[in-house]
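Just so it is clear, none of the values below were taken in a lab; they were calculated from the coordinates. Just so it is clear, the structure is predicted and the values come from calculations on it, not from any experiment. Cβ sites come from the backbone with ideal geometry, for glycine too, and all protein chains shown count toward neighbours.
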Amino acid sequence: MTRSEGPRYPVQYSNDPLPIFDFTYVEPDARPLCPERFRKKVVVDTIHDGHIVPRRLLESPRVRPLVEDGSLWRSYVVERDWGANLVAKHLVRALGLGGFHNVTTARLVMDFNRFPGSSPPDATPLDRLAIIEPFSSVLNHAEKRYVLRKFYDAVSDMMEAAIYGKLIKIAVHTYDAFNESRTERPKVSLITRALSYQLHSHLPFGLFDPIFPDVLAESSCHSILRDRLAITLEKAGISVEHNYPYCAPDGSLEIRSQPWFYFQRVRSLFEESHPATRGRPAFDRVWAMLLNTNLRDGDAEALRGFLHRFRGTPEGLKDDFAAAAEAYEMIAEFTRSNPELITGYRRSPDRTSSLSIEVRKDLVFRFEDGEPVEPLEDNAREIAEKVAQAVAIYLENDREEVLSAAGRPSSAG
């Protein structure tokens, strides 16, 4: 992308196929901090430090002028979470996890931390969709479908496999040093709450299925883990804030994974109580709808429209949708009759804690005149090792104390 690419940190133009959601192997420390029995229960990812731009998009006649005048490069530099992969590398090394997952596609092309769709030109960073400016203005319909089907959907499938059954999911991000007001941001921010819940104490109506309890968007993370991270970092002289300068966008992975985790738990308990429903098409169709939290499954969206927007049924599916409606009501009644599903799950140490850790970019990457110059390895290592220390203390001590107080053995392993 002109001079902008710079010899040190070029954008990689790609033709298919290339890994879209990669696993970067990292040799563990000689003495990893994470207890061995928990190492398969913790996952680390980065979704905004990718550097690959599909050549197919760059060849679009509406994109070429942006490449030639350098504006595409400038957008790429602003959008990329410089240093996130570096922090993740040191974090998994200290914990002994073997590696971390990373989205290799540039955020400029596809922001997986938002709901799918094309952002309007005036969208703010917190309310935009997966395809952002300038691509949201210049790509045509076919090109946007290509981006979502090829990259967004692929990452969704692989991310589900990566986080399934985990106790802790940590997303590493980096952000600018200053707010728009020019006030300095904290060195680290722990993001665990939905923006709409922070503002209104509920999610937008219809965002997820009505039987999902909005209160679970209050925090995507076990509070003791969040606080252990803050205490450990602060004691090391690394300033920390919670959900500041912003909360998680409603379309972020941390928030849309909450109904995904919750309905998996509900399904497990429901099928224990109603074993005859396992494998029945009507119930499978409902579970697929409830777990469609990235809103990309057309069949699930059709059923959702039938149930909650009172739309008609697709051709030939009238009886199937009627059966699914009965199955849905049975599941909904199960949740209404068992309020402990919510109260027990809400603060459970067995609930998957999914949080974002935002680190100031200037701490882990050096810039000159807005251009990336070099990573700051020592700073990244120091921050990552303190995060690893906190995670290890939580798993080995804090979480075990909570389980012990409840008279329960550890569920790890």
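Can you bin segment 319-364 into rounded, prolate or oblate? Criterion: square roots of the alpha carbon gyration tensor eigenvalues sorted a ≥ b ≥ c, rounded for a/c under 1.5, prolate for a/b above b/c, oblate for the rest.
Because a/c hits 1.5 or more and a/b fails to exceed b/c, segment 319-364 counts as oblate.
If amide H atoms are built 1.01 Å from N in the plane of the peptide, which residues on other chains or at least 5 residues away come under 5 Å of the amide H of CYS247?
Answer set, sorted by chain and number: none.
In Å, what is the Rg of the alpha-carbon atoms in segment 174-218, and how long is Dmax?
Rg then Dmax for segment 174-218, in Å: 14.5, 42.
In which sequence would ILE393, ILE255, ILE238, ILE131 go, from the one with the fewest C-beta neighbours within 10 Å to the one with the most?
Working: ILE393 17, ILE255 29, ILE238 20, ILE131 24.
If I rank by nearby Cβ atoms, fewest first, I get ILE393, ILE238, ILE131, ILE255.
Antiparallel versus total DSSP beta bridges in the chain: what percent is that, nearest 5?
Looking only at bridges with both residues in the chain, the antiparallel portion is about 40 percent.
Through the Karplus equation 6.51 cos²θ - 1.76 cosθ + 1.60, θ set to phi - 60°, convert the phi angles of segment 119-128 into ³J(HN,Hα) values in whole Hz; use x for Gly and Pro.
Values, residue by residue: 6, x, x, 9, 5, 7, x, 8, 10, 7 Hz.
Using modelled amide H (1.01 Å from N, peptide plane; none on Pro or chain starts), what sits under 5 Å from the amide H of ARG311, excluding residues fewer than 5 places away?
HN-HN under 5 Å from ARG311: PHE306.
Using only Cα atoms, locate the centre of segment 188-230 and the centre of segment 110-178, then give the distance between them in Å, rounded to an integer.
Segment 188-230 and segment 110-178 have Cα centres spaced 19 Å from each other.
Among PHE310, LEU269, ALA323, which residue has its Cα furthest toward the positive end of the charge dipole of segment 263-343, with +1 on Lys/Arg Cβ and -1 on Asp/Glu Cβ?
PHE310
Could you pull out every residue, at least 5 positions away or on a different chain, whose amide H is within less than 5 Å of the one on ASN338? Hs are placed 1.01 Å off N in the peptide plane, and Pro or chain starts have none.
none
When N is the residue count of segment 54-193, what does its C-alpha Rg come to as a fraction of 2.2 N^0.38 Å?
Against the compact-globule rule of thumb, the ratio is 1.15.
Top mean-square fluctuation among ARG381, ARG74, ARG360, Gaussian network model of the chain, C-alpha springs under 10 Å?
Highest fluctuation of the listed residues: ARG74.
What residue among GLY316, GLY98, GLY237 has the largest mean-square fluctuation in a Gaussian network model of the chain, using Cα springs under 10 Å?
Comparing GLY316, GLY98, GLY237 in a Gaussian network model of the chain, the most mobile one is GLY316.
From the Cα trace of segment 361-413, what convex hull volume per residue do you get, rounded to a whole Å³?
Output value, Cα hull per residue: 101 Å³.
Given +1 on the Cβ of Lys and Arg, -1 on the Cβ of Asp and Glu, and no further charges, what dipole in debye does the chain carry about its Cα centre, rounded to the nearest 20?
Its charge dipole is roughly 380 debye.
Using θ = phi - 60° and the Karplus curve 6.51 cos²θ - 1.76 cosθ + 1.60, what whole-Hz ³J(HN,Hα) does each residue of segment 29-38 get, with Gly and Pro shown as x?
Listing the rounded values in order: 4, 4, 10, x, 7, 6, x, 4, 5, 9 Hz.
Here are some pairs, LYS144/LYS169; LYS41/LYS386; LYS166/LYS235; LYS150/LYS361; LYS235/LYS361; which of them have Cα atoms lying more than 23 Å apart in this structure?
Violating the 23 Å limit, Cα to Cα: LYS144/LYS169; LYS166/LYS235; LYS150/LYS361.
What is the magnitude of the charge dipole of segment 285-380 about its Cα centre, with +1 placed on the Cβ of each Lys and Arg, -1 on the Cβ of each Asp and Glu, and no other charges, expressed in debye to the nearest 20?
Value, rounded to 20: 620 debye.
Express in % the proportion of alpha carbon pairs of segment 178-294 at distances exceeding 21 Å.
Of all Cα-Cα distances in segment 178-294, 50 percent exceed 21 Å.
Which of the three applies to segment 105-188, rounded, prolate or oblate, going by the alpha-carbon gyration tensor with a ≥ b ≥ c and a/c under 1.5 meaning rounded? Walk me through the numbers before you get to the answer.
Numbers: a/c = 2.82, a/b = 1.09, b/c = 2.59.
In terms of gyration-tensor shape, oblate.
Using only Cα atoms, what is the ratio of the radius of gyration of the chain to 2.2 N^0.38 Å? Please list the in-between numbers first.
Numbers: Rg = 22.0 Å, N = 413, 2.2 N^0.38 = 21.7 Å.
Dividing the Cα radius of gyration by 2.2 N^0.38 Å gives 1.01.
Of LEU66, THR232, PHE23, which is farthest on the positive side of the dipole of the chain, counting Cα position, with +1 on Lys and Arg Cβ, -1 on Asp and Glu Cβ, and the Cα centre as origin?
The residue sitting farthest along the positive end of the dipole is PHE23.
Roughly how many debye, to the nearest 20, is the charge dipole of segment 31-91 about its Cα centre, given +1 on each Lys and Arg Cβ, -1 on each Asp and Glu Cβ, and no other charges?
For this selection, approximately 420 debye.
Give the span of segment 263-343's Cα atoms along each principal axis, as three whole-Å numbers ordered largest to smallest.
Between the extreme Cα coordinates on each principal axis of segment 263-343 lie 38, 26, 18 Å.
Can you show me the helix-derived [θ] at 222 nm for the chain, built from DSSP H runs with n ≥ 4 at -39,500 (n - 2.57) apiece and divided by the number of residues, rounded to the nearest 500. Mind showing how you got there, number by number?
Working: 17 runs with 168 residues, N = 413.
Taking each H run of at least 4 residues, the total per residue is -12000 deg cm²/dmol.
Expressed as a whole number of Å, what is the distance separating the alpha-carbon centroids of segment 328-349 and segment 79-109?
Using only Cα atoms to place each centre, the spacing works out to 35 Å.
I'd like the Karplus ³J(HN,Hα) series for segment 317-328: coefficients 6.51, -1.76, 1.60, θ = phi - 60°, whole numbers in Hz, and an x wherever there's a Gly or Pro.
Per-residue couplings from phi come out as 10, 4, 5, 5, 6, 5, 5, 5, 4, 5, 5, 4 Hz.
Along the positive direction of the dipole of the chain (beta-carbon charges: Lys, Arg +1; Asp, Glu -1; about the Cα centre), which of ALA300, THR46, ILE383 reaches farthest?
Sorting the options by dipole projection puts first ALA300.
Based on the mean of other Cβ atoms within 10 Å per residue, sort peptides 160-172, 271-283, 31-43 so the most packed one is first.
160-172, 31-43, 271-283
Over the Cα atoms, compute the radius of gyration (one decimal) and Dmax (the largest Cα-Cα distance, rounded to a whole number) for segment 150-224, in Å.
Both quantities, over Cα of segment 150-224: 15.8, 42 Å.
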